[in-house]
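*Asks:* Supplied in structure tokens, the structure appears directly below.
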Amino acid sequence: MSEKDHQSSMTESALLDALKSVQERIAQTENERSNLEAAITVARQEERLLIQLLELRGIRPSDSKQKTGTIRTPVSGDKQANTKPKHPLVDAVFEELASAGRPVHISDLMRIVRARGISIPGSGSQANLISYLRRERQFVRTSRGMYGLAVWGLDDGPTIQRQKRKRVRFTGDNIKGEQTK
């Protein structure tokens, strides 16, 4: 083996080792980020619930502002301004996604909700759960059947626009709009 070949193989070996090291750091940092995002999500939910509790007791959250200034006064149009209690279904899905730290398939969410004994309004199908999730801006559909939390910075997946079908009405022996002979 010539000197040039030896240097080249050492350089390639060093580069491969450096690449492996960087990939390990990336994986570790992404895992830490996922854990931090889940903790932030849970903390924001706690904040929202505490604000609602304060408002129920007649205390304006802006009056109880901490030194950190993290408590925000809900403004009209803000998601937190909606004091209407959410369905336990929404809270259960939120908690599950926050603990998972990644998008979860709708069938897994259905299994978890049923295991917790939470009823799904309507016929209790996936479509009913999806309709609840799509109403809340805190959830995003990352891809077909996969749902995550908006605070993770995920984009809402593509929506499929269905073509409208023309409705045809049948009345007796003829189709409405056609003339009979």
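Computed from the coordinates by the stated procedures, all read-outs in this text should not be read as laboratory data. All values reported here derive from a predicted model rather than from experimental measurement.
*Asks:* Contour minus end-to-end for E46 and L16, with contour as 0.36 nm per residue of separation and end-to-end as the Cα-Cα distance?
*Replies:* 6.3 nm
*Asks:* Between N35 and Q163, what length comes free when the chain is fully extended (0.36 nm per residue of separation minus the Cα-Cα distance, one decimal in nm)?
*Replies:* 41.9 nm
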